[in-house]
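Student: Got a structure here, written out as structure tokens. Questions coming.
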Amino acid sequence: MNMTRRLLMLLPLAACLRADSEKDARDLVASLADALSAGKVELFLDFFDRGMPDFDKLRFNVAGLTGQSDVSCNVEIASNEGDDSERTLTLDWILTIEPKQDSPGATQRQKTVMCRLKKMGKKWKIVSFAPVDLFAPAGA
């Protein structure tokens with residue numbers, strides 16, 4: 001079999017892998033938003049590489065926010081690019097924040113988030129996420 005023929009046979013496989021990694025990234029974002037909306041801070045943080053820049057700030061912000069408020073997320077993926085080992089996403093993230101104590105009603109925050117995912121073993125991890133202040137507790 002010549003080289004061109006082999007290459008042509010592999011193209012559908014490459015497209016399939018890219019489609020799977022694109023879906024994996026979408027699924028990760030959905031699971032991330034679900035975990036935060038359910039107030040499951042540790043599950044939310046499990047999607048992140050703990051060596052990520054600003055991970056400690058992210059953990060502090062998310063714990064503070066969920067400690068004082070009920071949060072619901074609506075995330076739209078504006079772009080999802082990359083390959084089967086690394087993806088770059090642009091997210092339109094809307095947080096609805098409802099204070100747990102007797103405070104005025106819910107507020108909303110909306111930010112464009114830049115997020116980079118890397119495949120580590122069989123799992124995808126977020127290795128870059130900005131801005132982490134999206135999750136800052138009120139008054140922080």
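Student: Suppose we filter the stretch 36-57 for residues that are touching a residue at least 60 places away in the same chain (Cβ under 8 Å), open to solvent by less than 30 Å² (accessible area, probe 1.4 Å) and out of contact with any strand residue (DSSP E or B) (no Cβ under 7 Å at 6 or more places or on another chain); how many remain?
Tutor: 0
Student: Residue check: is ARG50 modelled with pLDDT of 95 or more, farther than 17 Å from ALA33 by Cα and in contact with a Ser or Thr (Cβ under 7 Å, 6 or more places away or on another chain)?
Tutor: No.
Student: Something else now. Residues of the stretch 32-47 being out of contact with any Ser or Thr (no Cβ under 9 Å at 6 or more places or on another chain) and assigned to a loop (DSSP other than H, G, I, E, B), which ones?
Tutor: If the condition is that a residue be out of contact with any Ser or Thr (no Cβ under 9 Å at 6 or more places or on another chain) and assigned to a loop (DSSP other than H, G, I, E, B), then ALA38 is the only one that fits.
Student: Right, something else. Since GLY67 meets every condition but one in (1) at pLDDT 95 or above; (2) touching a Lys or Arg at 6+ places or on another chain (Cβ under 9 Å); (3) surrounded by fewer than 17 Cβ atoms within 10 Å (Cβ to Cβ), which condition does it not meet?
Tutor: All conditions pass for GLY67, except number (1).
The values are calculated or read from the model by the stated rules, or taken from the named source; none is laboratory data. Just so it is clear, the structure is predicted and the values come from calculations on it, not from any experiment. No Cβ is skipped: glycine too gets one built from the backbone with ideal geometry, and neighbour counts run over all protein chains shown. Only protein heavy atoms, including side chains, enter the accessible area calculation; ligands, DNA and RNA are left aside. Shrake-Rupley method; radii C 1.70, N 1.55, O 1.52, S 1.80 Å.
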